[in-house]
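The values are calculated or read from the model by the stated rules, or taken from the named source; none is laboratory data. Computed from a predicted structure; not experimentally measured. Cβ placement follows ideal geometry from the backbone for every residue including glycine, while neighbour counts extend to all protein chains displayed. Ligands, DNA and RNA are excluded from the accessible area calculation, which covers all protein heavy atoms including side chains. Shrake-Rupley method; radii C 1.70, N 1.55, O 1.52, S 1.80 Å.
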Amino acid sequence: MDNKQFVTQIADIKNNFAQWYTDVVLKTELVDYGPVKGTMVIRPYGYSIWENIQAELDARFKAVGVKNAYFPLLIPMSYFSKEAEHVEGFAPEVAVVTHAGGAKLEEPLAIRPTSETLIGTMYSKWIQSYRDLPVVINQWCNVMRWEKTTRPFLRTSEFLWQEGHTVYASEEEAMEDTIKMLNVYRSFAEEILAIPVLTGKKTEKEKFAGAKATFGMEAMMLDGKSLQAGTSHYFGQNFAEAFNIKYLDKDGALKYGYTTSWGVSTRLIGAIIMAHGDERGLVLPPKVAPVQVVIVPIAAHKGGVIEKARELKEMLTNKGVRAVVDERDMSPGWKFNEWEMKGVPVRVEIGPRDIENNQALIARRDNLEKAPVCLDGFGDTVVALLDTVQKAMYEKSKKNRDARIVDADSLEGILKGVDGKNFVRANWCGCRECEDKVKEYAQATARVIDENSTADGVCAICGKPAKHKVFFARAY
Ligand SMILES: [Zn+2]
């Protein structure tokens, strides 16, 4: 199969981005569809990316004092009625177990859409005194939200995520936690996923049901749509009151705690695909790539080639690099194309002539450049190159994102901006009606309130004095 045939297996990224996405996730074996509509099977290549995300995030959580635990999948339905806004937000999406053990259950059980209510109930039992605070617990788990339209990684009925739930004695500490975790997500997205993000507070309309404030991080995808890639919520005492999370303070008074929650999900894999991909398929940042370096032997039947390829792999493995030798009985050209589609950051070609010259040919996936490198110090050269690729991917992505931030001072301007596949920054009065108008007129939503600039004029939609600058975009 030649290069052209290989590439035509996936739809044109410029003309049909949605089909390109579907082709890429299936053909690179990240996922397959599950038998139940809206579910996905995460295959080894996709799951390995998730494991790398988990390992890196988990280390960052632990560095700021987060502890992991596990809570049950099933939650009594009555728990959901304790917090009215919360129940409203989730009711249509909750899957319910009504039968078990061959009989109808006395109380139906929800399959967790999030564990907020269950964890809140446990916290009310565990927290008695100010000495028990703060509680900062995270769980890695699956959740289920019955969705009408689904797409692998972006929106599926069941997905994997982490949910952190905290309780603090004071408003200040809880708010500090909310922002701190948002920043953990931001640095993770930028340093590990090579994706620049806009972070900030969500509008009332877009915030999480029951939260006092929601902060989000938004990433620009190659098709000009924004992807909400993580959220951090501040609940004030809303949840503590609903779930009776009280502690005896130093002054002898019984007080409600202040709670927060924060989460990211397998959606991040969708972000990686859509922020970095190209017409050949995936382009994976080295830090999360399941295979960082693939070594392809050229004229593998010739004496010493396979041995040399394995030796190079050994050198890389010893440096902590995830490397493989592709020894399959297929042409080198076929292998190049397949590994390119799978987004492996660095390819090494080694053949008899290279061995003679004490060199190997190295190809970068991010910019498709090829160059020979000397085999002396090969391991260090490749380690440095992976770092270069990681940084170059971030810079490229940031340049693209920065070029897609435009300002507008009218509803027409907002429409023009989002049609042009941009984040549109506009002055906004803070009222819901104006957001609704943008939604109706431009099919765009307020992504986050800009935390780096202040309103300087009148609302772009209604002309009343503006309170904030907001980023509008079409979104996933
Ligand atoms: Zn307005």
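Quote the accessible area belonging to Cys431 in square angstrom, nearest 10, computed with a 1.4 Å probe and with ligands, DNA and RNA left uncounted.
The accessible area comes out at roughly 40 Å².
Can you work out the base-10 log of I(q)/I(0) for region 122-223 at q = 0.10, 0.12, 0.14, 0.22 1/Å, using the Debye formula on its C-alpha atoms alone?
Each listed q corresponds, in turn, to -0.38, -0.55, -0.75, -1.44.
Give, rounded to the nearest 20 debye, the magnitude of the charge dipole that region 1-146 has about its Cα centre when Lys and Arg contribute +1 at Cβ and Asp and Glu contribute -1 at Cβ.
Details: 14 positive and 16 negative charges, 46 e Å.
I would put it at about 220 debye.
Given the Cα-Cα distance of Val97 and Ala299 and 0.36 nm per residue of separation, how much length would full extension add, in nm?
Separation in residues times 0.36 nm, less the Cα-Cα distance, equals 66.8 nm.
Out of all DSSP beta bridges with both ends in the chain, state the antiparallel percent to the nearest 5. Mind dumping the intermediate values first?
Details: 69 of 85 bridges.
The antiparallel proportion sits near 80 percent.
If you roll a 1.4 Å probe over the chain with all protein chains in place, what percent of the accessible area is carbon or sulfur?
Working: 10760 of 21030 Å².
Reported share for carbon and sulfur atoms: 51 percent.
Quick check on the chain: helices-only [θ] at 222 nm, where DSSP H runs of length 4 and up contribute -39,500 (n - 2.57) each and the sum goes over total residues. Nearest 500, please. Could you put the intermediate results ahead of the total?
Working: 14 runs with 166 residues, N = 476.
-11000 deg cm²/dmol, from helical runs alone.
Quickly work out the Asn183-to-Asp329 label distance, labels modelled 7 Å from Cα along the C-beta direction, and quote it in nm with one decimal.
Going from the Asp329 label point to the Asn183 one covers 5.8 nm.
Between region 283-350 and region 382-444, what's the alpha-carbon centroid distance in Å?
Distance between centres, Cα-based: 37 Å.
What Kirkwood hydrodynamic radius, in Å, does region 245-401 give when the mean of 1/r is taken over all pairs of distinct Cα atoms and then inverted? Can you show the working numbers first?
Details: mean 1/r = 0.0562 Å⁻¹.
Its Kirkwood hydrodynamic radius stands at 17.8 Å.
Hey, can you find the accessible area per residue of region 323-418 for me, probe 1.4 Å, expressed in square angstrom?
On the way: 4610 Å² over 96 residues.
It amounts to 48 Å² per residue over region 323-418.
Kindly provide the GluC sites (Glu not before Pro) of region 399-476 that DSSP labels as loop, not H, G, I, E or B, and whose Cβ sees at most 15 other Cβ atoms within 10 Å. Walk me through the numbers on the way to the answer.
On the way: sites: Glu412, Glu433, Glu435, Glu440, Glu451; in loops: Glu451.
Listed in order of number, the matching sites are Glu451.
Only Cα pairs under 8 Å and at least 6 apart count here; give the relative contact order of the chain as a rounded whole percent. Don't jump to the answer; show the numbers that get you there.
Values: 970 pairs, mean separation 64.5, N = 476.
Over the chain, the number comes to 14 percent.
Please list, in order along region 22-27, the HN-Hα scalar couplings obtained from phi with the Karplus expression 6.51 cos²θ - 1.76 cosθ + 1.60 (θ = phi - 60°), rounded to whole Hz, x for Gly and Pro.
Using θ = phi - 60°, the values come out as 4, 4, 5, 5, 7, 6 Hz.
When the gyration tensor of the chain is built from Cα positions, what are the square roots of 5 times its three eigenvalues, in whole Å, from largest to smallest?
Result for the chain: semi-axes of 43, 28, 22 Å.
Quote the accessible area belonging to Lys319 in square angstrom, nearest 10, computed with a 1.4 Å probe and with ligands, DNA and RNA left uncounted.
100
Once the cut-off is 19 Å, how many percent of the Cα-Cα pairs in region 36-126 end up in the long-distance tail?
Details: 2454 of 4095 pairs.
Tail fraction, whole percent: 60.
Which loop-located chymotrypsin sites (Phe, Trp or Tyr not before Pro) does region 20-99 contain, where loop means any DSSP state but H, G, I, E or B and the Cβ has at most 11 other Cβ atoms within 10 Å? Could the numbers behind the result be given before it?
Values: sites: Trp20, Tyr21, Tyr33, Tyr45, Tyr47, Trp50, Phe61, Tyr70, Tyr79, Phe80, Phe90; in loops: Tyr70.
Listed in order of number, the matching sites are Tyr70.
Over its Cα atoms, what ratio of radius of gyration to 2.2 N^0.38 Å does region 165-297 give?
Working: Rg = 19.0 Å, N = 133, 2.2 N^0.38 = 14.1 Å.
Dividing the Cα Rg of region 165-297 by 2.2 N^0.38 Å gives 1.35.
Which entries of Lys82/Lys148; Lys14/Lys212; Lys201/Lys396; Lys308/Lys335; Lys67/Lys469; Lys62/Lys125 show an alpha-carbon separation above 29 angstrom in the structure shown?
Numbers: Lys82/Lys148 26 Å; Lys14/Lys212 40 Å; Lys201/Lys396 26 Å; Lys308/Lys335 18 Å; Lys67/Lys469 36 Å; Lys62/Lys125 24 Å.
The answer is Lys14/Lys212; Lys67/Lys469.
In region 254-285, whose amide N lies under 14 Å from the spot 7 Å out along Cα-to-Cβ of Arg151? List them in ranges.
From region 254-285, the list is 267-277.
Order the following by accessible area, largest value first: Glu116, Glu56. Probe radius 1.4 Å; ligands, DNA and RNA are ignored.
Numbers: Glu116 15, Glu56 60 Å².
Ranked from most to least accessible, the order is Glu56, Glu116.
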